[in-house]
Structure formats: C-alpha cells, structure tokens
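Asker: Have a look at this one before I ask anything.
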Amino acid sequence: INGSPREGNSQFLLKEALQAAREVDPGRVTVEEYSFRGKKFNPCVGCYQCTEEKHLGECVIQDDFQRLRDLWLKADVILYSVPIYHVSIPGQLKCFIDRLGNTVNRYYRLVSPRFLKVVGAMAQGTHFAAGQELAVTFLLHHAVLKNCLPVSGDGWESYLGACGWTRTDRSKDALKKLYEAGEPDAVVAVKSSRSLGKRAVELGLILRAGGKQLEETLSKDPSYRPFLTKEIKESQTG
C-alpha cells in the first residue's frame, strides 16, 4: 500500500520491497500494488451504524475504503510505504485505518478476530529524523491491534522497518536519484526496503503453511476464521 497521495518516493521504496517479495517464490507469490493517489477516504464519524444488524461490519460511508478493505482482508502480507506528514502518516491512510479498525471485527461477528497477516512498514521524508520511526511504529502498533504480526528487515539497517530521507529534496524522484548516485542513506533505505519485502513474504509463507497444517485444530476456534478462510461477504464485494 502506497499511503502517499502522490506517486513518488514512497512508491519507489514500495516497488523495491515488492520486487524482493516476488523473488522469494515467483511461482507462489502474487503481488498487488495499491496507491492512495486520486483516492477519496473520508474520516470515521463515530456513527456506530456499522454495529447495527442491517449494516453489520459495513461502513455506511461509501468511497474508496471498501475496495482497499477487501484487498486488506484477502492479503496474507501487507506492506505500507508512507511519506512523513507532521511527524506521522498521511491523513488519508489514517482515515482508512480508523474505519478498518471500527468495522472489521463486526464484519466477522467476532470480538477479537485473528487475522495473522504479516505487516511491514516503510517511511521516508524530506528531512532526517523527521518522524520516520514514529510512523513505522504507529503502523506496527496498528498491526498488533488487528492481531497481525509486525515484521522488520535485516541487520542494523532495519530495526523496525525501512526509513529514508531525501536530503531536503522535495522532488518526486529524489530518493531514486540519490540511490542511483550511491548516496549512503538512500542505499540503506533501498536495502532495508528489499529485506523487509523478503522477510515479510517468507513469514507469510510460513504462517500459511502452519495454518494448513493446523487447520483442523484452529478451525475449532471461530477467532481464526479470518486467517483460515480470507472470506469476503458477497454483499460487500460489488
């Protein structure tokens, strides 16, 4: 998920991560890239209509939320790539996460559904230490709250996720240009994005294999239904 309202530096890091993800097992790994560019995500208004029987789990606000919600529910692995906005993630992505958090438990009629998706995060900004780790930490906390598994990349380059900065260059291709020029921080950002994509998919494959092995046991607990089936209500896929 490219959480930026424009296609540029966040997209660049995401594509690097997705390429590494594909390379883990090209015959089994399917990747779909989603961009927030041109999309409309209204904020949650706290109406709680999603709790009513006639709307159970469905947000009454109709915009681009429903499409991304369905993609999120179907995925085994979620990779977020975001620019830093006011030391955090962009508002559009926050609107999606707020509404996702308020609806999906009711969607499955479960108190605490076990989604067990692998979630990784990349963040980049114009300046150094401008909130990249804060944004990554927020997204990993989001993962834990939704009973998913946060993951990082390798080595000292990726303690929590992938972070980069454009050395105050605001152009959309700043990170790409810096990387191609061999700028050390940009090289680290790309390396950590690639390792993040690789490790996220590896863990996703391990979880799916384990889920199949333990399907009979896990299926006795309804909380694991979202993990085992990836079901989407027919009424919500239109």
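The values are calculated or read from the model by the stated rules, or taken from the named source; none is laboratory data. Since we're looking at a predicted model, the values are computed, not measured. Don't worry about glycine lacking a Cβ; one is built from the backbone with ideal geometry, like all the others, and counts go over all protein chains shown. These accessible areas exclude ligands, DNA and RNA; they are computed on the full protein's heavy atoms, side chains included. Shrake-Rupley method; radii C 1.70, N 1.55, O 1.52, S 1.80 Å.
Asker: Relative contact order, percent, of segment 77-133 when contacts are C-alpha pairs under 8 Å separated by at least 6 residues?
Answerer: Taking the mean separation of contacting Cα pairs over the length of segment 77-133, I get 58 percent.
Asker: So how tilted is helix 65-74 from the main axis of the chain? Cα-based, degrees 0 to 90, rounded to 10.
Answerer: Approximately 90 degrees, to the nearest 10.
Asker: Heavy-atom accessible area per residue, the chain, 1.4 Å probe: how many Å²?
Answerer: Using a 1.4 Å probe on heavy atoms only, each residue of the chain averages 49 Å².
Asker: Could you work out the relative contact order of segment 71-192? I mean the mean sequence separation of Cα pairs under 8 Å and 6+ apart, divided by the number of residues, in percent.
Answerer: Once normalised by length, the contact order is 24 percent.
Asker: At 1.4 Å probe size, what's the solvent-accessible area of ASP63? Round to the nearest 10 Å².
Answerer: Accessible area, nearest 10 Å²: 30 Å².
Asker: Next question, about the same structure. Any chance you could look up the accessible area of VAL45 with a 1.4 Å probe, heavy atoms only, rounded to 10 Å²?
Answerer: VAL45 exposes around 100 Å² with every protein chain in place.
Asker: Compute the relative contact order of segment 21-122 as a whole-number percentage, counting only Cα pairs closer than 8 Å that sit 6 or more residues apart in sequence.
Answerer: Dividing the mean separation by the residue count of segment 21-122 yields 34 percent.
Asker: Hey, another quick one. Mind checking the angle between helix 132-145 and the chain's longest principal axis? C-alpha axes, 0 to 90 degrees, to the nearest 10.
Answerer: 20 degrees
Asker: What percentage of the solvent-accessible surface of segment 1-137, computed with a 1.4 Å probe over protein heavy atoms, is contributed by carbon and sulfur atoms?
Answerer: Within segment 1-137, the accessible surface is 49 percent carbon and sulfur.
Asker: Placing +1 on the Cβ of each Lys and Arg and -1 on the Cβ of each Asp and Glu in the chain, which of GLY204, HIS86, SER35 has its Cα farthest towards the positive end of the resulting dipole?
Answerer: SER35
Asker: Also, quick follow-up: Which is farthest toward the positive dipole end of the chain among LEU145, SER10, ILE61, measuring Cα position about the Cα centre, with Cβ charges +1 (Lys, Arg) and -1 (Asp, Glu)?
Answerer: ILE61
Asker: Now for a separate question. Just to confirm the number: angle between the C-alpha axis of helix 9-24 and the first principal axis of the chain, 0 to 90 degrees, nearest 10?
Answerer: 70 degrees
Asker: Further question: Report SER152's accessible area, 1.4 Å probe, all protein chains in place, as a number in Å² to the nearest 10.
Answerer: Looks like 40 Å² after rounding.
Asker: Could you name the lysines whose alpha carbon sits less than 26 Å from that of LYS177, not counting residues in the same chain fewer than 8 places away?
Answerer: Result set, ordered by chain and number: LYS15, LYS191, LYS198.
Asker: To continue, here is another question. Wrap a convex hull around the Cα atoms of segment 14-103, take a quarter of its surface area, and give that in square nanometres.
Answerer: One quarter of the hull surface, i.e. the mean projection, equals 7.1 nm².
Asker: Treat every Asp and Glu Cβ in segment 84-238 as -1 and every Lys and Arg Cβ as +1, leave all other atoms uncharged, and give the resulting dipole magnitude about the Cα centre to the nearest 20 debye.
Answerer: In total the dipole reaches around 480 debye.
Asker: Another question, if that's okay. Could you tell me the distance between the Cα centroids of segment 109-143 and segment 176-202, to the nearest Å?
Answerer: Result: 18 Å between the Cα centres.
Asker: Let me ask something else about it. At a 1.4 Å probe radius, which order do TYR107, TYR224, TYR159 fall into by accessible area, largest first?
Answerer: TYR159, TYR224, TYR107
Asker: Sort THR103, THR217, THR137 from largest to smallest accessible area, using a 1.4 Å probe on the heavy atoms of the protein chains.
Answerer: Most to least solvent-accessible, the answer reads THR217, THR137, THR103.
Asker: In what order, largest first, do LYS146, LYS39 sit by accessible area if the probe radius is 1.4 Å?
Answerer: Greatest to least solvent exposure: LYS39, LYS146.
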